[in-house]
Amino acid sequence: MRLSYVRELDEYPTGARRMKILAMAVLAILIGSYEGQIAPVVPLLLKDLDMSLATYGAVSGGAAITGAIASIIGGRLTDRLGRVRLLIPLMALTAVLCFTMTLVHTPRDLLIVRIVLAFVDGVAMASTAPLIRDFSPRLGRAQAFGFWTWGPVGANFLAAAIAGWTLPIFNDSWRSQFVIMGCFSLVISIVIAFNIADLSPELRARIQHTERAATQVVDLAKPPTLRSLFSRRNIWAHVVGISLWLVLYITLSLFGQTMLVGALGISSAEASTIMAAFWSLNLITLIVTGRLSDRTQLRKPFSLGGTIAAVLVTAYLAFSLGQENVSTGLLMVVGALLGGSLGVAYAPWMANYSEDAEDADPRLQGTAWGLFGFLSKGIAVVGLLVIPHVVEATNWQTWLFVALGCLVLFIPAILMFNGPWRRPAQPVPAATVGVGKAEA
């Protein structure tokens, strides 16, 4: 029985219609990431709730663990129930949960609300990466995933910009931010609900090379099995490899400014300027490299080249943390190069992972991306719990060398991924099985 809000397509959409659905998926991950933002009001929250930073760290860790578990559950559910059937009601629910933040008066209240919000949001957002896969043929997938990555990064800018603009208007009331967040999210959720669609199970089971050329690789009479995905060596190489790669990325995301201030003695404003350079070039290279990866239909060379560049830049940064009087200008260049290098590696990796999982069984994309969500949130939990203790026992330079070692170990994992190292001599042949008709 099809629910009224679920628009299920029996023919693969083309042109502007497909791009509109992709835009809705990107908007969904942006809003979902924005709903989880709390950093701009943490100083006000700590003061109002009479809460220590350690207690806040424990609350954040508990929410992150819940979100990681939710990603696994959401990944399986989105494969079984469909993307939109899961996404739309849960997006509306997370918007409502933003308003419940205004009812928080104690650290215990905060823990309960953040855990519930993390769980619902984690299940909801597990549908977004599979939606990107569903509506991005392989000839445009890396660029599509590059835009998807803009969601979590863009949420940082969105939350900070809105807080900077509106907090003075509302007398620095941190509750005002969650009222704004709830209203904004609810409106955008309605917009997404009216413009997004889902593919039929038959279409999701195909590998779409272009808008009109697809191949059928599984027997629809047989149900998908997890063994078909996790019995493959290349999938485990992706899983283990990206877990190691994320150690550096999460370190910079959670503690970038703190690391620079603590290790180099620069001001918070200078540290924020350096990290802004990091994120700016990262956003640019995600899209540019994604486009180049799609045009050449190569994934592994970009992931390898970007990672090697990131290793060299990280090594220089780790060395610099032990020096004195390092100029802010030089650090901005180093930060930008590091962010750019990671962007070069990341979007092609996402496309590679999606395609390798697709080759195992296209019907298990939600499961594969649910596992990725679990890993990324799990590494964040490790970062929150482990990094401060390592830094207290040693210093930031030591931890950065640890993260550098993890990044180096991603390189041999790339060698086990599927996909060519050289550009194919001929374009991908248009298959006759499962070819969708052009939309009017």
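Key figures for this structure:
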{"item": "The chain: most fluctuating residue of Met350, Met181, Met51 per GNM, C-alpha cutoff 10 Å", "result": "Met51"}
{"item": "P(r) histogram, all alpha-carbon pairs of segment 246-308 included - 5 Å bins from 0, percent", "result": "4, 15, 20, 20, 15, 12, 8, 5, 2"}
{"item": "Scaled radius of gyration (Cα, divided by 2.2 N^0.38 Å) that segment 288-329 gives", "result": "1.67"}
{"item": "Carbon and sulfur %, accessible surface of segment 1-128 computed with the full protein complex present, 1.4 Å", "result": "69 percent"}
{"item": "Equivalent ellipsoid semi-axes - Cα gyration tensor, segment 97-247, angstrom", "result": "38, 19, 16"}
{"item": "Average silhouette area of segment 269-349, convex hull of alpha-carbon atoms, in square nanometres", "result": "5.0 nm²"}
{"item": "Gained length - Met19 relative to Asn171, 0.36 nm times residue gap less alpha-carbon distance", "result": "50.6 nm"}
{"item": "Overall Cα dimensions of segment 382-427, principal axis frame, Å, largest first", "result": "55, 17, 15"}
{"item": "Unit charges at the beta carbon, dipole of segment 92-210: most positive-side option, Leu110, Thr128, Ile192", "result": "Thr128"}
{"item": "Stokes-Einstein translational diffusion, segment 51-119 - Kirkwood Rh over all Cα pairs, 1.306 mPa s, 10 °C, in µm²/s", "result": "121 µm²/s"}
{"item": "Tally of Lys pairs whose C-alpha atoms are under 28 Å apart, taken over the chain, 8 or more apart or cross-chain", "result": "4"}
{"item": "Å² per residue, accessible surface of the chain at 1.4 Å", "result": "42 Å²"}
{"item": "Option label - volume of the Cα convex hull per residue in Å³ computed here, alternatives [x] 129; [y] 152; [z] 142", "result": "[z]"}
{"item": "Acute angle (nearest 10 degrees) that the helix 233-264 long axis makes with the longest principal axis of the chain, alpha-carbon atoms", "result": "30 degrees"}
{"item": "Distant alpha-carbon pairs in segment 12-89 (separation over 19 angstrom), percent", "result": "56 percent"}
{"item": "Point-charge dipole on Cβ atoms (K/R +1, D/E -1) for the chain, about Cα centre, debye to 20", "result": "1140 debye"}
{"item": "Exposure rank, largest accessible area first [Thr14, Thr55; 1.4 Å]", "result": "Thr55, Thr14"}
{"item": "Pairwise FRET efficiency - Phe157 versus Thr398, Cβ, R0 = 30 Å, nearest 0.05", "result": "0.45"}
{"item": "Dipole magnitude (debye, nearest 20) for segment 156-215, charges at Cβ of Lys, Arg, Asp, Glu", "result": "80 debye"}
{"item": "Rounded to 10°, Cα long-axis angle of helix 15-35 versus longest principal axis of the chain", "result": "30 degrees"}
{"item": "Alpha-carbon Rg with Dmax, taken over segment 236-388, Å", "result": "16.6, 54"}
{"item": "Total charge dipole magnitude, segment 63-175, about the Cα centre, Cβ charges on Lys, Arg, Asp, Glu only, Debye to nearest 20", "result": "400 debye"}
{"item": "Other-chain or far-sequence residues with amide H under 5 Å of Glu8's (modelled H)", "result": "Asp198"}
{"item": "10 Å Cβ shell holding at most 11 others, DSSP loop, trypsin sites (Lys or Arg not before Pro): longest site-free stretch of the chain", "result": "3-421"}
{"item": "Helix-only mean residue ellipticity at 222 nm for the chain, each DSSP H run of n ≥ 4 adding -39500 (n - 2.57), per residue, nearest 500", "result": "-25000 deg cm²/dmol"}
{"item": "Rotationally averaged projected area of segment 324-383 (alpha carbon convex hull; nm²)", "result": "5.7 nm²"}
{"item": "0 to 90° range, to nearest 10: angle between helix 328-360 axis and the chain longest Cα axis", "result": "30 degrees"}
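The values are calculated or read from the model by the stated rules, or taken from the named source; none is laboratory data. Quick caveat, the model's predicted, so the values are computed rather than measured. Please note: Cβ atoms are built from the backbone with ideal geometry, for glycine as well, and neighbour counts cover all protein chains shown. Surface accessibility is based on the protein's heavy atoms, side chains included, excluding ligands, DNA and RNA. Shrake-Rupley method; radii C 1.70, N 1.55, O 1.52, S 1.80 Å.
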